[in-house]
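Readers should treat all values here as calculations from the given coordinates under stated rules, not as data from a laboratory. This is a predicted model, so every value here is computed, not measured. For neighbour counting, all protein chains shown are included, and Cβ atoms are generated from backbone atoms with ideal geometry for every residue, glycine included.
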Amino acid sequence: MTARVAIVTGGTRGIGKAISVALHKAGYKVAANYGGDDGAAKAFNAETGIATFKFDVSNFDACKAGVAQIVKDLGPVDVLVNNAGITRDGTLHKMDPKQWESVIDTNLGSCFNMCRLVIDGMRERSFGRIVNVGSINGQAGQYGQVNYAAAKSGIHGFTKALAQEGAGKGITVNAIAPGYVDTDMVRAVPPAVLEKIIARIPVGRLGRAEDIARSVMFLIADDADFITGSTMSVNGGQHMY
């Protein structure tokens with residue numbers, strides 16, 4: 001069988017990098033999207049040999065051009081992992097519209113943009129696997145993250161609705177809600193705060209990017225066709241939802 005094509009947004013660093021590498025090792029033709037860090041993308045490509053594609057996932061026209069290039073270079077898209085995300089933290093009474101809009105557009109709007117651009121092909125071929133990366137903070141909320149929590153919670157609802165639309169066409173749509181994972185984003189948290197976070201995780205450690213990648217690989221398997229509309233919590237027991 002011809003190798004399946006998989007897109008991972010935000011796929012060159014952190015959780016996205018681990019997902020891209022896991023897919024590549026499993027024999028998928030991987031397109032790792034990134035938004036801005038050319039140096040990291042170049043290093044990622046040199047290290048892994050995985051093709052990288054630079055486009056802004058918050059912009060529909062940019063996604064349209066990016067997906068078209070991926071299809072031209074690698075073939076029709078069978079697997080989509082919507083992993084791209086940013087934070088622009090601040091309490092609501094100090095948050096400006098740009099902080100709100102950028103997080104909603106990048107974290108949630110990108111799910112619409114990318115899914116819309118691959119869904120027709122998946123329906124035509126009667127096969128597709130979509131995994132959207134949500135967050136523990138979309139389930140439980142988090143002080144100073146009304147924008148991020150709203151976007152990630154929206155991803156969970158988006159997943160359930162799209163799963164119903166795709167089920168009859170061989171397309172599964174699931175979400176993963178990571179807890180606190182040892183990435184650049186989490187390492188930027190002040191050490192005293194991070195210590196308190198870890199103290200609330202029953203397994204006693206931060207997650208690893210590979211923990212999330214393993215969950216993605218489970219959900220995208222050809223024989224995972226009875227799992228759709230679910231949100232898999234991968235958080236060390238911190239929040240049971």
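Could you let me know the centre-to-centre spacing of the stretch 18-79 and the stretch 163-206, using Cα atoms, in angstrom?
Going from one Cα centre to the other spans 22 Å.
In percent, what relative contact order does the chain have, based on Cα pairs under 8 Å that are 6 or more apart in sequence? Please report the intermediate quantities before stating the final value.
Details: 468 pairs, mean separation 45.9, N = 241.
Rounded, it is 19 percent for the chain.
To the nearest 10 degrees, how steep is helix 38-48 against the longest Cα principal axis of the chain, on a 0 to 90 scale?
60 degrees
With a 10 Å cut-off between alpha carbons and a GNM built on the chain, which of Pro178, Pro76, Pro202 moves the most?
Taking springs between Cα atoms under 10 Å, the residue moving most is Pro202.
Quick one: pull the percentage of alpha-carbon pairs in the chain with a separation above 28 Å. Each step should come with its number before you reach the end.
Numbers: 7643 of 28920 pairs.
More than 28 Å apart: 26 percent of the Cα pairs in the chain.
Which residues does a label at Asp73 reach in the stretch 92-126, if reach means a backbone N under 18 Å from a point 7 Å past the Cα toward the Cβ?
Only 114, 118 pass the distance filter.
For every helix of n ≥ 4 consecutive DSSP H residues, a contribution of -39,500 (n - 2.57) applies; sum these over the chain, divide by its total residues, and give [θ] at 222 nm rounded to the nearest 500 deg cm²/dmol.
Details: 10 runs with 112 residues, N = 241.
Value at 222 nm, helices only: -14000 deg cm²/dmol.
What is the sum of charges around Gly154, taking Lys and Arg as +1, Asp and Glu as -1, for the other residues whose C-beta is under 14 Å from the C-beta of Gly154? Each step should come with its number before you reach the end.
Numbers: positive: Lys152, Lys160; negative: Glu101, Asp105.
Here the charged neighbours net out to 0.
Compute the long axis of helix 60-74 from its Cα atoms, compare it with the longest principal axis of the Cα atoms of the chain, and write down the angle in degrees, 0 to 90, nearest 10.
It works out to around 50 degrees.
Using a Gaussian network model of the chain whose springs link C-alpha atoms within less than 10 Å, name the residue from Ala213, Ala46, Ala177 with the highest mean-square fluctuation.
Evaluated over the chain, the most mobile residue of the options is Ala46.
Two-decimal Rg/Rh of the stretch 79-162 from alpha-carbon positions, Kirkwood Rh? Mind dumping the intermediate values first?
Working: Rg = 14.0 Å, Rh = 13.4 Å.
Result: Rg/Rh = 1.05.
Relative to the Cα centre, what is the charge dipole magnitude of the chain, using +1 at the beta carbon of each Lys and Arg, -1 at the beta carbon of each Asp and Glu, and rounding to the nearest 20 debye?
Values: 25 positive and 22 negative charges, 39 e Å.
About 180 debye.
Just the Cα atoms of the stretch 162-223, one point each, no solvent: what log10 I(q)/I(0) does Debye give at q = 0.26 Å⁻¹?
The Cα Debye sum returns log10 ratios of -1.09.
Go through 12-20, 47-55 and give me the packing order, highest mean Cβ count within 10 Å leading.
Values: 12-20: 25.6, 47-55: 16.7.
Ranking the peptides 12-20, 47-55 by packing returns 12-20, 47-55.
Go ahead and run the numbers for FRET between Ser102 and Tyr143, Cβ-Cβ distance against an R0 of 22 Å, rounding to 0.05.
Numbers: r = 20 Å, r/R0 = 0.89.
With R0 = 22 Å, the Cβ-Cβ based efficiency is 0.65.
Any idea what angle helix 209-220 forms with the longest principal axis of the chain, computed on alpha-carbon atoms, 0 to 90 degrees, nearest 10?
Long axis of 209-220 versus the principal axis of the chain: about 40 degrees.
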